Amino acid sequence: MSASFEALGLSPEILRAVAESGYTTPTPIQAQAIPVVLAGRDVMGGAQTGTGKTAGFGLPILHRLQPQANASPSPARHPVRALILAPTRELAIQVEESIKEYGKYTGLRSTCVFGGIDIKTQLPIVRAGVEILVATPGRLLDHVEQKSVSLSQVEIFVLDEADRMLDMGFIPDIKRILALLPKERQSLLFSATFSEEIKKLADSMLRNPQLIEVARRNQVTDTVTH
Ligand code: AMP
């Protein structure tokens, strides 16, 4: 049913890491999202955690950025090109660990910034330059204010778990961040639910998005009436 990871056209370096992760077949969200993201299109994705959505956006982002990987010691050669926003520290860490794993042979750099710990501990890594930054919204804005992070070269923006962002009151922060991003960019929004508010947010940040929805894992049991 699903195409193989090879058939999706991912680079040999990414395929090698995917194989080492033990993945043999793309999950439904991966089979649908990977070609669309590779093609450079915006995505409105309906998927919850546990569906494999991190690789669904992470693998094609790594593939698109891989040609720009380099070993230069100059921070200027490692601008943030992909920004992934997550609502919580736990999710941000988990997403960045996955990106590191899938990207370990690409030469791309990634890191994760979140609140609740001294910002000073995060400064050396972000100042050295990373192509892929995973962040919680408030702490990202702290870094922007301190000028340790610039968002002027972001090519791909991901808003993960948008419905939880909304619930946690992050919309003003997200609007501030959107205003700092280049207009010319690829944007992906993932959410487990699509309320009117999420649709409004999607309208404000996506251009001609491809809608991708996968069934909730427990959909069958959810609809069983006892
Ligand atoms: P996620 O929804 O991205 O948090 O992923 C849920 C879990 O599924 C993670 O533990 C992944 O390592 C795992 N996973 C993701 N994609 C695949 C795949 N194609 N085959 C097997 N496991 C996967």
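The values are calculated or read from the model by the stated rules, or taken from the named source; none is laboratory data. Since the structure is predicted, the reported quantities are computational estimates derived from the model, not experimental observations. Virtual Cβ from ideal backbone geometry, glycine too; neighbours counted across all protein chains shown. Just so you know, the surface numbers come from the protein's heavy atoms only, side chains and all, with ligands and any DNA or RNA stripped out. Shrake-Rupley method; radii C 1.70, N 1.55, O 1.52, S 1.80 Å.
Looking across the range 6-24 at every residue that is under 16 Å from residue 99 (Cα atoms) and near the ligand (Cβ under 10 Å from one of its atoms), the one that is least open to solvent (accessible area, probe 1.4 Å) is identified as 18. Exactly one residue among 49, 27, 54, 106 is crowded, with 20+ Cβ neighbours inside 10 Å, out of contact with any strand residue (DSSP E or B) (no Cβ under 8 Å at 6 or more places or on another chain), hydroxyl-bearing (Ser, Thr, Tyr) and under 23 Å from residue 162 (Cβ atoms), and that residue is 54.
To keep it simple, each residue is scored yes or no on (1) surrounded by fewer than 16 Cβ atoms within 10 Å (Cβ to Cβ); (2) modelled with pLDDT of 95 or more; (3) farther than 29 Å from residue 69 by Cα; (4) under 15 Å from the mean Cα position of the chain (by Cα).
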{"position": "130", "(1), (2), (3), (4)": "no, yes, no, yes"}
{"position": "139", "(1), (2), (3), (4)": "no, yes, no, no"}
{"position": "153", "(1), (2), (3), (4)": "yes, yes, no, no"}
{"position": "156", "(1), (2), (3), (4)": "no, yes, no, yes"}
{"position": "186", "(1), (2), (3), (4)": "no, yes, no, yes"}
{"position": "201", "(1), (2), (3), (4)": "no, yes, yes, no"}
{"position": "206", "(1), (2), (3), (4)": "no, yes, no, yes"}
{"position": "210", "(1), (2), (3), (4)": "no, yes, no, no"}
{"position": "225", "(1), (2), (3), (4)": "yes, no, yes, no"}
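Restricting attention to the range 47-86, the residues that are of a type outside the set (A, V, I, L, M, F, W, C), under 14 Å from the mean Cα position of the chain (by Cα) and within 15 Å of the ligand (Cβ to nearest atom) add up to 8.
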